[in-house]
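Visitor: Here it is, the structure in full.
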Amino acid sequence: MTWGITLSVSQLLQKPKPVAILKSVCFVAKSSEILAIVGPSGTGKSTLLRIISGRVKDEDYNPKSVSINDHQITSPAQLRKICGFVAQEDNLLPLLTVKETLMFTAKFRLKGIDAKERVESLMQELGLLHVSDSYVGDEENRGISGGERKRVSTGVDMIHDPPILLLDEPTSGLDSTSALQVIELLSIMAKSKQRTVLLSIHQPSYRILHHISNFLILSHGSVVHNGSIELLEETIGNLGMQIPLQLNALEFAMEVIKTLEDSYSRSTSDHHPKPSCYRKQRTMLLPFIARNRNRQRST
């Protein structure tokens with residue numbers, strides 16, 4: 001028996017076609033508030049946060065895509081200076097204490113500033129003073145709790161006191177009480193120092209919703225809602241749907257996201273709304289189309 005196999009080498013060597021991950025995403029984030037980016041897995045939430053935080057190559061960055069207080073940010077390096085970015089997975093060293101971890105970061109990133117004073121101030125702001133001498137720990141070495149670990153990760157990227165803080169899934173892997181405590185802390189930090197906080201989140205509880213000012217809901221890389229939870233409830237009602245008692249508006253929006261996507265597309269094509277910039281406040285405006293030459297699965 002003879003088997004015939006034909007292999008075309010040219011097909012294997014072809015470069016993958018560009019795939020649009022984010023499509024004309026446009027929004028405004030205000031100081032002293034939290035903006036939550038929500039959507040199904042693979043819709044571009046992490047990609048969006050990485051772009052805003054400057055974690056992209058210079059050649060892949062559009063210098064007209066981000067503006068702060070009406071000033072264009074022309075390079076990713078500028079964004080990295082003013083943005084703190086807390087990734088979903090941390091790289092904390094398990095055998096360092098909380099204080100040692102923050103001191104290690106401070107000595108690398110701070111110049112001309114008293115590192116010890118900054119670390120003490122940050123631990124107080126993050127509610128970590130009571131575990132300052134506890135080991136961070138990991139799966140094999142017992143250490144601080146998951147919620148405290150998330151706060152340490154936040155502190156590492158806040159050591160230079162950035163005006164903009166970005167967090168990728170800060171409540172991931174936490175129980176409901178710890179997740180609420182993290183969001184409450186971020187809300188206080190936003191208001192106390194007029195920071196702009198943007199975060200991605202999956203299915204926040206009803207209590208968490210009260211600490212978030214606005215929601216940017218994405219589907220297939222496009223915006224399907226941009227505004228408050230009250231506006232989302234109104235939109236759902238105008239579409240002739242009723243939110244079940246056992247669900248909050250955001251949870252129900254995930255179930256009817258295709259309907260919201262179609263409705264939002266029709267409204268923007270009919271009226272062509274443009275987001276307003278809020279002067280006299282720190283604002284971030286992002287009209288962006290992101291393309292990835294060889295797309296990896298992103299959240």
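The values are calculated or read from the model by the stated rules, or taken from the named source; none is laboratory data. Remember, it's a predicted structure, so these values are computed and weren't measured experimentally. Cβ placement follows ideal geometry from the backbone for every residue including glycine, while neighbour counts extend to all protein chains displayed.
Visitor: Only residues that are buried (at least 16 other Cβ atoms within 10 Å of the Cβ) and either part of a loop (DSSP other than H, G, I, E, B) or at pLDDT 95 or above (or both): list them for the stretch 136-151, please.
Guide: Val136, Gly137, Gly143, Ile144
Visitor: Could you check the stretch 159-178 and list, in sequence order, the residues that are surrounded by 17 or more Cβ atoms within 10 Å (Cβ to Cβ) and closer than 19 Å to Gln124 by Cα?
Guide: Ile159, Pro162, Leu165, Ser178
Visitor: Next up: Among the residues of the stretch 220-247, which ones are out of contact with any strand residue (DSSP E or B) (no Cβ under 9 Å at 6 or more places or on another chain) and surrounded by 20 or more Cβ atoms within 10 Å (Cβ to Cβ)?
Guide: The answer is Ile236, and nothing else.
Visitor: Going through the stretch 43-76 one residue at a time, which ones are among the small types (Gly, Ala, Ser), surrounded by 15 or more Cβ atoms within 10 Å (Cβ to Cβ) and assigned to a loop (DSSP other than H, G, I, E, B)? Don't jump to the end; show me each part of the working.
Guide: Step one: of the stretch 43-76, the residues among the small types (Gly, Ala, Ser) are 44, 46, 53-54, 65, 67, 75.
Now narrow it down to the ones that are surrounded by 15 or more Cβ atoms within 10 Å (Cβ to Cβ): 44, 46, 53-54, 65, 67.
Listed by number, the residues that qualify are Gly44, Ser53, Gly54, Ser65.
Visitor: Quick check on my filter: what residues within the stretch 5-24 are in contact with a Ser or Thr (Cβ under 7 Å, 6 or more places away or on another chain) and either among the hydrophobic types (A, V, I, L, M, F, W, C) or modelled with pLDDT of 85 or more (or both)?
Guide: If the condition is that a residue be in contact with a Ser or Thr (Cβ under 7 Å, 6 or more places away or on another chain) and either among the hydrophobic types (A, V, I, L, M, F, W, C) or modelled with pLDDT of 85 or more (or both), then Ile21, Leu22 are the ones that fit.
Visitor: Given the options Asn226, Asn294, Asn238, name the one that is more than 16 Å from Pro40 (Cα to Cα) and modelled with pLDDT of 90 or more.
Guide: Testing whether each residue is more than 16 Å from Pro40 (Cα to Cα) and modelled with pLDDT of 90 or more leaves just Asn238.
Visitor: Considering the stretch 104-135 alone, what residues qualify as being more than 26 Å from Ser187 (Cβ to Cβ) and either basic (Lys, Arg) or part of a helix (DSSP H, G or I) (or both)?
Guide: Result: Phe104, Lys107, Phe108, Lys111, Ala115, Lys116.
Visitor: Of the residues Glu261, Glu251, Glu169, Glu230, which is without any contact (Cβ under 8 Å) to a residue 12 or more places away in the chain and charged (D, E, K, R)?
Guide: Checking each option against the conditions leaves just Glu230.
Visitor: Looking at the stretch 166-189, which of its residues are part of a helix (DSSP H, G or I) and either β-branched (Val, Ile, Thr) or over 16 Å from Lys150 (Cβ atoms) (or both)?
Guide: Listed by number, the residues that qualify are Thr177, Val182, Ile183, Ile188.
Visitor: Kindly list the number of the only condition in (1) closer than 25 Å to Val224 by Cα; (2) assigned to a loop (DSSP other than H, G, I, E, B) that fails for Leu93.
Guide: Here Leu93 clears every test but (1).
Visitor: Something else about it: Mind listing whichever residues of the stretch 15-33 are aliphatic (A, V, I, L, M) and either farther than 11 Å from Leu216 by Cα or in a helix (DSSP H, G or I) (or both)?
Guide: Across the stretch 15-33, the qualifying residues are Val19, Ala20, Ile21, Leu22.
Visitor: Here's something else I'd like to know. Only one residue in His202, His160, His225 is assigned to a loop (DSSP other than H, G, I, E, B) and closer than 27 Å to Met254 by Cβ, so which one is that?
Guide: Only one candidate qualifies: His202.
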